[in-house]
1. Per residue, how much accessible surface does the range 127-228 expose to a 1.4 Å probe? Answer in Å², no decimals.
2. Going Cα to Cα from Lys3, which aspartates and glutamates come in below 12 Å? Please leave out same-chain ones fewer than 8 positions away.
3. Does anyone have the angle between helix 13-25 and the longest principal axis of the chain? Alpha-carbon axes, 0 to 90°, nearest 10?
4. GNM, the chain, Cα, under 10 Å: largest mean-square fluctuation among Lys76, Lys42, Lys25?
5. In square angstrom, rounded to the nearest 10, how much accessible surface does His145 have for a 1.4 Å probe?
6. For the range 5-123, just say rounded, prolate or oblate: build the C-alpha gyration tensor, square-root its eigenvalues into a ≥ b ≥ c, call rounded for a/c under 1.5, and beyond that prolate if a/b exceeds b/c, oblate if not.
7. Per-residue HN-Hα couplings for the range 51-58, Karplus 6.51 cos²θ - 1.76 cosθ + 1.60 at θ = phi - 60°, whole Hz, x for Gly and Pro?
8. How big is the accessible area of Val24 in square angstrom, nearest 10, if you roll a 1.4 angstrom probe over the protein chains?
Amino acid sequence: MSKEKILVIEDEEDILALIHFNLVKEGFRVECATTGEDGFKKAKDLRPSLILLDLMLPGMDGLDVCKRLRMAPETKDCPVIILTAKGEEHDIVKGLELGADDYVPKPFSSQVLIARIRAVLRRRVNPETRQEQGQPIQIHELYIHPGRNKVEAAGESVELTYSEFKILTLLASRPGWVFNRSQIVDAVHGEGYAVTDRAVDVQIVGLRKKLGACGNYIETVRGVGYRFKE
Ligand code: CA
């Protein structure tokens, strides 16, 4: 099966061993780091296909690592899944804002973890197909260029995560059309992806915040989902 290389950055040795065991069993190549500093260095040197990043690390914490991964040219496009413990829910939002692609709360089952890894690897942005993804959308003060993953709100360039960009593109492509959460999940992640509705809400909060005044164009339709204002 797959020989994708996964870098696991986790300081708790028993969790690390468990993840290592399960990923190897699934046919992944696995590299490990137990500190943020070492993890960041290995990410740059080893160029993994995906990084599993624990948030609570001694020294440089997971959010710091995430920020640095997104800034370094060698790692800026590498998918990151953050692992969060109970009580770190607010850090999930921060992590996603810093460019993490998904999160898995602890304790997790190995099946869920592996399903998430495969889903993130599947939707990894392929630079060769990027150019073919649709026409620019111009609506209100928003300019969305799907081919270039580029968004301008009222003339200002806005940095969005991959998921936020997909959600915005989906909503803005059919103004006035109501999308429920599972349609949004499908559009972002493809089929067969187990994700909570709450994850969609978290993404929408982040998206609105980044779009500033233009965030108001994303309307909540109570009990149903979201729509982009006509
Ligand atoms: Ca930890």
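The values are calculated or read from the model by the stated rules, or taken from the named source; none is laboratory data. What you see is a predicted model, and the numbers here were worked out from it, not measured in a lab. FYI the Cβ positions are ideal-geometry reconstructions off the backbone, even for glycines, and counts take in every protein chain you see. Calculation scope for accessible area: heavy atoms of the full protein, side chains included, ligands and nucleic acids excluded. Shrake-Rupley method; radii C 1.70, N 1.55, O 1.52, S 1.80 Å.
1. Per-residue accessible area for the range 127-228 comes out at 54 Å².
2. Glu26
3. 80 degrees
4. Among Lys76, Lys42, Lys25, the largest mean-square fluctuation in the Gaussian network model of the chain belongs to Lys25.
5. Surface open to solvent at His145 totals about 30 Å².
6. rounded
7. Listing the rounded values in order: 10, 9, 10, 6, 7, 8, 10, x Hz.
8. The value for Val24 is about 70 Å².
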